[in-house]
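The values are calculated or read from the model by the stated rules, or taken from the named source; none is laboratory data. The model shown is predicted, which means the values in this text are computed figures rather than measured ones. Counting neighbours? That spans all protein chains shown, and the Cβs are built from the backbone with ideal geometry, glycine included. Remember, those area values only see protein heavy atoms, side chains included, never the ligands or the DNA or RNA. Shrake-Rupley method; radii C 1.70, N 1.55, O 1.52, S 1.80 Å.
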Amino acid sequence: MLRSLDKTVGLSTRHLCQTRKTVEKLFSRTKVLTIDNMNPHVKNIEYAVRGPIVIRAGEIENELKKGTKKNFTDVIRANIGDCHATGQEPLTFLRQVVALCVYPDLMKDPTFPDDAKQRADRILGSCGGRSLGAYSDSAGVPVIREDVAKYIEERDGIPSDPANIFLSGGASESIRNVMKLLMTALPGKERAGVMIPIPQYPLYSATIAEYNAHPIGYFLNEADKWSLSVEELKRSLAEGKKHCKPRAICVINPGNPTGQVLTRKNIEDIIKFAKEENLFIMADEVYQHNVYAADSKFHSFKKVLTELGPPYSEMELASFMSTSKGYMGECGFRGGYVEIINMDPAVKAMLTKAISAKLCSAVTGQAVLDVVVNPPKPGEPSYALFKQQKDAVLGQLAEKGRMATEIFNSIKGISCNPVQGAMYAFPRLDLPRKAVEAAKAKGQPADAFYCFSLLEETGMCVVPGSGFGQKEGTWHFRTTILPPVEKLGEMLNRFGDFHIKFLNKYS
């Protein structure tokens with residue numbers, strides 16, 4: 001009888017355990033969104049300037065704070081064009097206008113100049129409730145769009161319509177908005193293709209990946225100061241047509257990461273190529289104030305396209321500008337614009353509808369943009385200080401560009417084209433075979449292996465060329481020229497010492 005009871009209890013216990021497992025399975029919480037079922041196109045996004053090396057740089061900074069002993073006392077972040085983060089002082093007039101807009105009671109403060117108060121009053125007068133805290137029109141505050149149009153007219157000597165100006169959170173948001181219009185949403189050879197320079201700024205490859213489009217890379221000519229040939233454009237497009245439907249060509253001028261400035265002839269050739277191939281032109285011109293080489297000059301795509309006359313002057317073009325670069329460096333405010341040229345009115349209406357769904361870009365960023373396009377004029381109280389600060393920033397960038405070019409070219413196994421514009425150098429590395437093999441053993445591109453070693457040994461954080469694209473078999477890295485002259489000199493000295501040790505180790 002006891003045996004029978006034990007057997008019954010045993011069966012009941014097993015039954016209870018099975019029942020409990022069934023109930024737990026039914027009521028257990030599982031993740032709706034997993035790495036396996038999430039949007040696959042988002043997983044394809046890569047953004048080198050904030051990639052693994054930058055993550056490691058942050059870890060090293062924390063280690064240093066905790067007292068870990070290293071060969072250096074600080075991390076020099078030269079991975080991204082963040083001017084103020086590397087020590088650049090904000091422009092006085094710009095910050096005065098923004099302060100007045102954000103806190104209008106400062107209008108009563110006699111230490112603020114009258115021209116700053118007038119700018120702020122004009123901006124606030126076009127804001128709902130005279131407050132930057134109100135939503136703006138989806139395309140931006142009306143008077144700021146008017147000022148952008150005037151700025152473009154003064155730059156090019158060609159009329160600009162405020163109705164064609166759309167303000168955004170930095171140029172990046174405008175680039176994404178326009179590129180989205182070009183997508184076909186079709187698979188295979190019918191999906192949209194976008195021509196991008198190689199090397200390129202990773203925003204483009206990342207956005208193309210997110211939108212499931214096809215990147216059509218065209219190589220810049222490193223042997224000729226990163227120039228662009230029509231023959232290469234034709235080669236690239238012919239290859240791209242095998243995989244997609246080409247819709248647009250993106251051009252970055254002045255260049256990022258390469259720092260080149262396109263000649264007018266080069267721009268004319270690109271426009272004629274785009275006309276022949278029926279491509280929409282996306283002109284990334286955020287570095288238009290950053291031109292340093294004596295024989296270089298910025299030419300806007302709009303000006304060249306217009307002066308070429310019909311049929312070129314009838315082509316579709318989007319030109320992008322930002323408050324983050326230039327002499328301003330106001331990255332955190334996220335101000336920017338796009339000017340749309342010759343866009344079909346029905347498509348322009350769709351662009352307006354799309355950005356309306358986001359309500360508007362940050363109005364503080366719009367206010368910063370207004371100061372950039374409407375700076376102090378000669379005779380106004382703030383002009384002298386503004387000009388002094390602007391000239392100082394651009395003068396120092398030119399000096400640092402020359403310094404970086406000269407020092408890199410003086411080091412064995414490195415060559416670097418002149419920094420004609422923007423705020424980066426993109427040196428080429430001649431790496432020993434053993435270093436390439438060591439990188440391969442770690443599953444890294446050789447320049448990534450080099451940059452990780454550089455970070456660990458010196459605290460210098462730069463971005464490998466493989467994050468921007470480069471010709472197969474070549475190795476590069478991108479570094480900003482933003483640190484103060486003394487700090488940049490220290491950085492380049494650290495670099496030179498490291499490079500010699502690296503060559504000795506792997507030769």
Relative to the longest principal axis of the C-alpha atoms of the chain, give the angle of the C-alpha long axis of helix 2-27, reported between 0 and 90° and rounded to the nearest 10°. 10
Here the net charge surrounding ALA283, from other residues whose Cβ is less than 12 Å away from its Cβ (Lys, Arg +1; Asp, Glu -1), is -2
For the range 63-213, give the percent of accessible area contributed by carbon and sulfur heavy atoms, probe 1.4 Å, rounded to a whole number. 51
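In terms of solvent-accessible area of protein heavy atoms at a 1.4 angstrom probe, what is the ranking of MET328, MET350, highest value first?
Solvent-accessible surface, decreasing: MET350, MET328.
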Backbone HN-Hα couplings from phi across the range 320-334 [Karplus 6.51/-1.76/1.60, Hz, Gly and Pro as x]: 10, 9, 9, 8, 6, 10, x, 9, 7, x, 8, 5, x, 6, 6
(1) 81, 60, 51; (2) 111, 63, 57; (3) 70, 58, 56: which one is Cα extents along the principal axes in Å as calculated from this entry? (2)
For helix 345-356, what angle does its Cα long axis make with the longest principal axis of the chain, in degrees from 0 to 90 and rounded to 10? 60
Going through LYS31/LYS358; LYS245/LYS275; LYS242/LYS348; LYS225/LYS297 one by one, the pairs whose alpha carbons sit over 19 Å apart turn out to be LYS31/LYS358; LYS242/LYS348
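Cα gyration tensor of the range 73-167, axes a ≥ b ≥ c as square roots of the eigenvalues: rounded (a/c below 1.5), prolate (a/b > b/c) or oblate? Could you put the intermediate results ahead of the total?
On the way: a/c = 1.87, a/b = 1.22, b/c = 1.54.
Oblate.
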Accessible-area order for GLU154, GLU490, largest to smallest, probe 1.4 angstrom, reads GLU154, GLU490
Classify the range 369-491 from the C-alpha gyration tensor, please: rounded if a/c falls under 1.5, else prolate or oblate depending on whether a/b exceeds b/c. prolate
What is the magnitude of the charge dipole of the range 371-507 about its Cα centre, with +1 placed on the Cβ of each Lys and Arg, -1 on the Cβ of each Asp and Glu, and no other charges, expressed in debye to the nearest 20? 240
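Could you order peptides 336-344, 375-383 by the average number of other Cβ atoms within 10 Å of their residues, highest first?
On the way: 336-344: 20.4, 375-383: 15.3.
Top of the packing list down: 336-344, 375-383.
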Amide H neighbours of TYR424 under 5 Å, counting only residues 5+ apart in sequence or on other chains, H built in-plane at 1.01 Å? ILE481
Can you tell me the 0 to 90 degree angle between the C-alpha axis of helix 485-506 and the longest principal axis of the chain, rounded to 10? 50
Amide H neighbours of ILE76 at under 5 Å, excluding residues fewer than 5 places away on the same chain, with H built from the backbone geometry, are MET460, CYS461
Please report, in debye to the nearest 20, how large the charge dipole of the range 233-373 is about its Cα centre when each Lys and Arg carries +1 at its beta carbon and each Asp and Glu carries -1 there. 400
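Using a 10 Å cut-off on Cβ atoms, rank the peptides 235-241, 145-151, 224-230 from the highest mean neighbour count down.
Details: 235-241: 15.4, 145-151: 21.4, 224-230: 17.0.
So the peptides 235-241, 145-151, 224-230, ranked by packing, come out 145-151, 224-230, 235-241.
Would you mind working out the accessible area per residue for the range 165-282, using a 1.4 Å probe, and quoting it in Å²? Let's see the in-between values first.
Values: 4220 Å² over 118 residues.
Result: 36 Å² of accessible area for each residue.
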Using the Cα centre of the range 60-181 as the reference point, and only Cβ charges (+1 on K/R, -1 on D/E), how large is the resulting charge dipole? Debye, rounded to the nearest 20. 580
Which ³J(HN,Hα) values in Hz, rounded to whole numbers, follow from the phi angles of the range 434-439 under the Karplus curve 6.51 cos²θ - 1.76 cosθ + 1.60, where θ = phi - 60° and Gly and Pro get x? 5, 5, 5, 5, 5, 5
Restricting to DSSP H runs of at least four residues, report the calculated mean residue ellipticity at 222 nm for the chain, -39500 (n - 2.57) per run over all residues, nearest 500 deg cm²/dmol. -14500 deg cm²/dmol
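Taking a ≥ b ≥ c as the square roots of the eigenvalues of the Cα gyration tensor of the range 445-496, is the shape rounded (a/c under 1.5), prolate (a/b larger than b/c) or oblate?
Details: a/c = 2.76, a/b = 1.74, b/c = 1.58.
Verdict is prolate for the range 445-496.
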Give me the net charge of LYS387's neighbourhood, meaning all other residues with Cβ under 12 Å from the Cβ of LYS387; Lys, Arg count +1, Asp, Glu -1. 0
Taking H placed 1.01 Å from N in the peptide plane, check which residues at least 5 places from HIS214 or on another chain put their amide H under 5 Å from its amide H. ALA192, GLY193, VAL194
Test of the criteria: in the range 338-413, which trypsin sites (Lys or Arg not before Pro) are in a DSSP loop and have at most 13 other Cβ atoms within 10 angstrom of their Cβ? LYS358, LYS412
